[in-house]
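Here is the structure we will look at, set down as structure tokens.
The values are calculated or read from the model by the stated rules, or taken from the named source; none is laboratory data. All values derive from a computational prediction rather than experimental measurement. Cβ atoms come from the backbone with ideal geometry, glycine included; neighbour counts cover every protein chain shown. What goes into the accessible areas is simple: the full protein's heavy atoms, side chains included, and nothing from ligands, DNA or RNA. Shrake-Rupley method; radii C 1.70, N 1.55, O 1.52, S 1.80 Å.
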Amino acid sequence: MAGVPSLSLDSPCIAADIESLLGRLPGLRALHGQRLLLSGGTGFFGRWLLATFDALHAAGVQPRVTLVSRDPERFLRQEPRYRQAPWLDWCAGDMRTVDLGGRPFDLLLHAGTDTSAEAHRDGLAIYDGILQGTRNLLDAAVAGGVRRVLLVGSGAQYGRQPADSARILEAATHACASESADSAYGEAKRAAETLGALYARREGFAVVHARCFAFAGPGLPLDGHFAIGNFIRDALWHDAIRLQSRGEALRSYLYGADLAGWLLTLLMQGRAGEAYNVGSDAALSVVDLAQRVAALLAPDKPLRVADQGDAGPRSRYIPDIDKARGLGLDVWTPLDQAILRTAQWWRDA
């Protein structure tokens, strides 16, 4: 890999995906003239959101986006297209402490969280960062007169999914194990939802919660802790596709362009005070996923499956998305297409 290609409308692949998305979601035109505060705008979620805002602007829909980032210049060196974007303002700073000076906003989309494996080695830092960042941006929302807020959470909030539950509902009452340090991320996301509810009650604005599961698409790291990314990396550049377990766990994947459309729709149309699962409900085992990646990208390479691991009850991480479908959302991009798109994007690096 020579570098990271552009995840913007400069990429024909990305431009085609976003054009297709906007054709499905005419309701996003309601973003016209809205002043939006965004966190997490330079990661996987955020880069897809920025491409969507860029395409909306080109189509005559003109939200004004203020993006909080610790290092805008680093991102702009990677994505120079956004340096002169007339719809985008930058606010350099850590979301936990940044002072937005009472700037007026209509909307807050808070998606900022470090999900890297390295960050998760320090559970206390993850826990504090999520809660401090959420509270600081909610305070900025209050000062700015925000009317609607989308807090981006995680399916990790549910804890281990019961073996007898094919898909997990938003109304599920079980949660991650609060007595375990390994629950720092999921518990912090749960607490962030409570913060949002408290602010909504006191201040009177609408707060919607997104609980995000697993994703695929251009921009997904290939060297992190995402199985689908690791398999695509192996298929493209290694001598074999390797599983570190028997691959019995069940997972599902929503494409990045679909994700951006879901988040913006929930921001604008989600019912206040409610949570929505964000992901695909098409389950497959991790070993089946590896076989699918191999068949699509490297049919001549061997698939090497570990003969240990996956001990105990079969792990499931599959959302029920009927509630999101009630807003007109769906899994529009088939998994095979998501795999091929991701691989082609990285080949362009």
(request) Could you check how many residues of the range 243-261 are open to solvent by 30 Å² or more (accessible area, probe 1.4 Å) and modelled with pLDDT of 95 or more? (result) 1
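Residues are listed down the side, and each one gets a yes or a no for (1) free of Cβ contacts under 8 Å to residues at least 60 places away in the same chain; (2) within 22 Å of the chain's Cα centre (by Cα):
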residue: 96; (1), (2): yes, yes
residue: 127; (1), (2): no, yes
residue: 139; (1), (2): yes, no
residue: 145; (1), (2): yes, no
residue: 170; (1), (2): no, yes
residue: 181; (1), (2): yes, no
residue: 185; (1), (2): no, yes
(request) Could you grab me the full set of residues in the range 185-211 that are out of contact with any Leu (no Cβ under 6 Å at 6 or more places or on another chain) and either outside any helix (DSSP H, G or I) or under 11 Å from residue 159 (Cα atoms) (or both)? (result) 185, 186, 187, 190, 204, 205, 206, 207, 211
(request) For the range 79-95, name all the residues that are farther than 25 Å from residue 58 by Cα and surrounded by 17 or more Cβ atoms within 10 Å (Cβ to Cβ). (result) 95
(message) It is to be established whether one or more residues within the range 290-302 are farther than 30 Å from residue 196 by Cβ, in a loop (DSSP other than H, G, I, E, B), open to solvent by 20 Å² or more (accessible area, probe 1.4 Å) and in contact with a strand residue (DSSP E or B) (Cβ under 8 Å, 6 or more places away or on another chain).
(response) yes
(message) Just the residues that are open to solvent by 50 Å² or more (accessible area, probe 1.4 Å) and among the aliphatic types (A, V, I, L, M), please, taken from the range 20-35.
(response) 30
(request) Find the residue count for the range 176-211, including only residues that are farther than 17 Å from residue 133 by Cα and in contact with a Ser or Thr (Cβ under 8 Å, 6 or more places away or on another chain). (result) 3
(request) Would you check if there is a residue in the range 145-164 being in contact with a Cys (Cβ under 9 Å, 6 or more places away or on another chain), in a helix (DSSP H, G or I), open to solvent by less than 50 Å² (accessible area, probe 1.4 Å) and of a type in the set (Gly, Ala, Ser)? (result) yes
